[in-house]
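The values are calculated or read from the model by the stated rules, or taken from the named source; none is laboratory data. What you see is a predicted model, and the numbers here were worked out from it, not measured in a lab. So basically every Cβ, Gly included, is an ideal-geometry build from the backbone, and we count neighbours across all protein chains shown.
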Amino acid sequence: MWCSFSKPHPPLDPPEPYYSMYRNCEMPEPVIGDWATPDNAPPGFIRPQKMWSNDIIPPEILKEAKAAYYGLVTHCDYAMGRVFAALQDLDLFGDTLIIFCSDHGEYLGDHLAGCKVYFHEQSAAIPMIVTALLVFVGGTIWTVVYSFTNSGLLPRLQWVGLDQYERLWATRKWLVSIENLAIYGLCMLVLVFVIGFILAALIDQKIRFEDTIRTVILYPYALSFVVTGLVWQWMLNPEFGVQKVVRGWGWESFTFDPLYSADIAIYGVLIAGIWQGSGLVMVLMLAGLRGIDQDVWKASRVDGIPTWKAYIFVIIPMMRPVFVTTLVIVVTGIVKIYDLIVAQTGGGPGISTEVPAKYVYDMMFQANNLGQGFAASTMMLVTVALIVIPWAILEFGGSKHRD
C-alpha cells in the first residue's frame, strides 16, 4: 500500500490513533487532509529524508519499517520508480506504505501543488468491484427474483412460484429456440475450431503476405452481426445471390436458398456465423502456436514424428489454455446470439430460426410479459454459468493447486 499526503504544512502533533493506523498499514478512509512531518514520524517508521533521482535506496533501510517517508522528491517519476523497484526486489511492495511529498508536486506527471494520495493497485480495483456488484450481480438477482412473479408490462411482486418456468417449457416457440441453439451451437463450435486452427497452422508456416492474409481473414469479425446478417441475406437470396450467379454460369438446376426453407434455414444462419467467427479463432490459435517453443518442433522432427501427429499429440495439448479460453468466448457468443438472427431471417420462415435471446426480447418488449422474459433470461444465465464456472475452476483453481 502506498500513498502521499495532500497538504504540505502539517501540524506538529497528530493523535496517536493516526500513527497506529498507518503502522498496521490499514486505511479504512482516504487520508487526504492528514499530516506528516520529519519531526513527528512514529517509532518503527523510516525517518523522512531527501531523495534525488540518482540516490540508491539502502535495502537495510527498507527492511526495517513498514512505511517510508520521503520528502522533497525531485524527478519524481524516476525516483518513485526506483523505490518501487527496490521494494519489489525485497518482496516488500505489497505490505509497505510509502509516503511521497514534493515541494514541486511532481507526481507521475501530475503537476499539482502539494502532495497527492496514491493507492496500491488492489485499491484501484474498488470501482470495478462496486460496479460489478451493483450492476451485474444486482441485475442478475433482480432478474431471477422477478422470474417468479406474474410481471406484465411493468415489474410487480406478485408471486406465482414456478408457473413462469412451467409455461416456458410448455411453449413450442421456446422449444424450437432451444433446438435451434443446440444445432447452431454444436455446428458452430466444431467448425470454427477446425477452420480456425487449420488457418492458423497454415499461416504459422511463415508464408508470404502473411499480414495481408491474416487481415483479410480477420476482417469479417470487425463487422457487426447486423451487417453480417444483411450481407448473407443478400448472398443467399435466390433472386440475386449465389444461386443466381451459378445459374448464370450455365448450371440451370442449381439451387441454394437455405433461408427460404424452414427445415434448413438455421444452417443458412450458421454459414454467416462461421464466416464472421473463424477469423477470431484463427487469431487466438495463431497466438498460441507462436507461443510454442521452437525446440519442441525441432525435437519432434529429430524423433521422426509426422507433422500431423505432432499437432495432435504434442502441440494441441500444450495449447490447452488457449483452447479453453477460446471455447468460453465462442460458447458465450453462441448462447446470446440475437442480432444475426434478427438481421438475416427475423426468426423465420415462421419460427424456424428462433433463438432464446430473441424469445426473451419478444416476450419482454412485444408481448409485454416481463415474467416470462425473466424466466427465459434466467435459463440463459444458467446455461452460461454451467460453462463459465467449470472454466473458472479449471483455470484459476487448477493454477493455485499447481502452485
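Condition first: surrounded by fewer than 17 Cβ atoms within 10 Å (Cβ to Cβ), small (Gly, Ala, Ser) and within 20 Å of ILE337 (Cβ to Cβ). Now tell me which residues in region 262-320 satisfy that.
ALA262
Look at THR326 and say whether it is more than 19 Å from ILE178 (Cβ to Cβ), touching a helix residue (DSSP H, G or I) at 6+ places or on another chain (Cβ under 7 Å), of a type outside the set (A, V, I, L, M) and in a helix (DSSP H, G or I).
Yes, satisfied.
For region 170-191, indicate whether the set of residues that are over 30 Å from SER147 (Cα atoms), loosely packed, with under 14 Cβ neighbours inside 10 Å, under 30 Å from the mean Cα position of the chain (by Cα) and not polar (S, T, N, Q) is non-empty.
Yes, region 170-191 has at least one match.
Across region 203-218, what is the total count of residues that are within 26 Å of the chain's Cα centre (by Cα) and of a type in the set (Lys, Arg)?
Matching residues across region 203-218 total 1.
Looking at region 114-143 only, could you name the residues that are at pLDDT below 50 and surrounded by 12 or more Cβ atoms within 10 Å (Cβ to Cβ)?
GLY114, CYS115, LYS116, VAL117, TYR118, PHE119, HIS120 - these are the residues of region 114-143 that are at pLDDT below 50 and surrounded by 12 or more Cβ atoms within 10 Å (Cβ to Cβ).
Can you confirm whether ILE387 is modelled with pLDDT under 85 and either out of contact with any strand residue (DSSP E or B) (no Cβ under 7 Å at 6 or more places or on another chain) or outside any helix (DSSP H, G or I) (or both)?
Working: modelled with pLDDT under 85: yes; either out of contact with any strand residue (DSSP E or B) (no Cβ under 7 Å at 6 or more places or on another chain) or outside any helix (DSSP H, G or I) (or both): yes.
Yes, satisfied.
Residue-wise test of (1) modelled with pLDDT under 85; (2) part of a helix (DSSP H, G or I); (3) more than 16 Å from the chain's Cα centre (by Cα); (4) buried (at least 18 other Cβ atoms within 10 Å of the Cβ).
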position: ILE341; (1), (2), (3), (4): no, yes, yes, yes
position: VAL360; (1), (2), (3), (4): no, yes, yes, yes
position: GLY373; (1), (2), (3), (4): no, yes, yes, yes
position: SER377; (1), (2), (3), (4): no, yes, yes, yes
position: LEU381; (1), (2), (3), (4): no, yes, yes, no
position: GLY398; (1), (2), (3), (4): yes, yes, yes, no
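I'd like the full set of residues that are in contact with a Ser or Thr (Cβ under 7 Å, 6 or more places away or on another chain) and part of a helix (DSSP H, G or I), limited to region 343-357.
Once the filter is applied, which keeps residues that are in contact with a Ser or Thr (Cβ under 7 Å, 6 or more places away or on another chain) and part of a helix (DSSP H, G or I), region 343-357 yields only PRO356.
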